[in-house]
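Beneath this line is the structure, given in structure tokens, with notes to follow.
The values are calculated or read from the model by the stated rules, or taken from the named source; none is laboratory data. None of these values were measured; they are calculated from a predicted model. Quick reminder, even Gly has a Cβ in these numbers, built from the backbone with ideal geometry, and neighbours come from all protein chains shown. Each accessible area value is taken on the protein alone, full model and side chains, heavy atoms only, with ligands, DNA and RNA left out. Shrake-Rupley method; radii C 1.70, N 1.55, O 1.52, S 1.80 Å.
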Amino acid sequence: MKSRLDPRTTMLFIVLTSTLSVLAANMYWLLLIFLLTLVLNVLFGLNPFKTLYRMRRFLSMIIIIAFFQSIASSGGKPIIRLLGANIVTSKGLEDSLSFVLRMGIVMLAVLLGTRHDSRDMIDGLTKLKIPYELAFMTGIALKFIPLFGQEFADRIKAVSLRGININKLKLPKKIKLYSYILVPAISGSIIKSRDIASSMETRGFRAYHERTSLKELKLKLVDYAAMTVALAVFILIIYFMFARR
Amino acid sequence: MIELIDVSFAYNKNNLVLKNITYTFNEGVLYVLSGKNGSGKTTLGKLMCGLVKTRQGVVKVRGKDIYKMTVGEISEHVGYLYQNPDLQLFAPTVYEELVFPYELNGKLTDEIKEKVEKLLKDFKLDDKRKSFPLLMSLGERQRLALATIMMRDQRFIIFDEPTASIDAECKRMIQEFIQAFVENGGGALVISHDEDFDLNGANIKSLRMEGGVLYEK
Ligand SMILES: Nc1ncnc2c1ncn2[C@@H]1O[C@H](COP(=O)(O)OP(=O)(O)OP(=O)(O)O)[C@@H](O)[C@H]1O
Ligand SMILES: [Mg+2]
């Protein structure tokens, strides 16, 4: 089932939640925003837990990064002390949890966009006076997100086929393995997108300036309502986040 | 030995890709599987090494139901060459591509290193050992992917279109390689569109996939 909302409304949701995740000053606000984004996912008919489960390898990688971040930062009360040095401090732990939550929010927010046909999404973006080329790229990117997840899963399987048991590796080797999985995936998509860009050019992508589309996008009452609620919640959160300073 | 017992498979409910397949693949035999695009050849191959799983029917590797086994465990016995070589290339250089699993597992012995050298020569990748795999030509990538599979001593290997984008000379080399593997007692399922293999050999069986059903020719 596709979302009944206008793609522009969804975009507003994505922009607002990601903005909040950047502005949020501490873990508790981040947790709240994370929960809100989860609820949005459910309202959009997505199953966020299934998604998070599917992305578990990716998430565990983020958690590993966060772990190192927490070792690197100092300050706050010590939680684990080893040989007279503070290994993990309360501040380090908070920093790394915040990082994980932030990544989670952005991931869940972007997922909302996958509920729309990429064509509608492109149309919606151009209505916002975003250049068609840019809108087109965003549309393509949204289409590729589920594929990227699939590819990531395939690569993990391909690694097991080589006789490597990820769960049995020690941390430094695990990190090396993750770099083996991520780097080609990323460089692969860069190579791929370069090919898409040049193939679009050979097909005369920039030839026409005015585009007409078959389906007219129109904001409906439900869109205005959703946008109003979203903006109200956004302003409320911002207000409480900064008012207490 | 890989046994399929009344196996059906669907990616989406109600849309069976494989229908009630019962077949036994033995070692020491080369199976060549052909069939139209989308007929389910790749799916069958993935099912035989646990990359996809089904509860409709049983897949057994050396007598053991693989439903509860991990891909890693199954891969001790069954190897799989992806139709798309890029999915199985990871390392920054050709050489590392061949050694990294052993490095990670802490088993990089002299014996392994010798094997790497031999495979580099066999697959004509000797002068490419420092190249970045993903930027090599498709044929080179396919040869490298094949070499990574041959690093392990699996008894049965599934090759999904191993010669699809390879020139005539290399094609012949890969065919000979697979045939030698079978003559040495290994089992192979080669998914192939072109009639490249001499199908009259003693230990060759020709199979055809049509509408999700497997036929022996
Ligand atoms: N991951 C997937 N999700 C959903 N459907 C799939 C998936 N993979 C394959 N299919 C579908 O299953 C059917 C069989 O696909 P399969 O890849 O096994 O065919 P094939 O015989 O290998 O084709 P080809 O000769 O093109 O490689 C096709 O209709 C395909 O669209
Ligand atoms: Mg196929």
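Some values worked out for this structure:
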read-out: Residue in segment A:65-78 that is part of a helix (DSSP H, G or I) and at pLDDT 75 or above present; value: no
read-out: Any hit, segment A:157-168, residues being among the aliphatic types (A, V, I, L, M), open to solvent by 30 Å² or more (accessible area, probe 1.4 Å) and either modelled with pLDDT of 65 or more or not in a helix (DSSP H, G or I) (or both); value: no
read-out: Of residues in segment B:133-158 being out of contact with any helix residue (DSSP H, G or I) (no Cβ under 7 Å at 6 or more places or on another chain) and not polar (S, T, N, Q), the one modelled with the highest pLDDT; value: B:F156
read-out: Flag for B:V71 being within 15 Å of the chain's Cα centre (by Cα) and not assigned by TED's automatic domain parsing to the domain that holds B:K130; value: yes
read-out: Unmet requirement for B:T93, which otherwise passes all of (1) touching a residue at least 40 places away in the same chain (Cβ under 8 Å); (2) surrounded by 22 or more Cβ atoms within 10 Å (Cβ to Cβ); value: (2)
read-out: Test result for B:Y11, within 15 Å of ligand 2 (Cβ to nearest atom), open to solvent by 70 Å² or more (accessible area, probe 1.4 Å) and within 14 Å of another protein chain (Cβ to nearest Cβ); value: yes
read-out: Qualifying residues in segment B:29-61 (those that are surrounded by 15 or more Cβ atoms within 10 Å (Cβ to Cβ) and small (G, A, S)) - the one farthest from ligand 2 (Cβ to nearest atom); value: B:G57
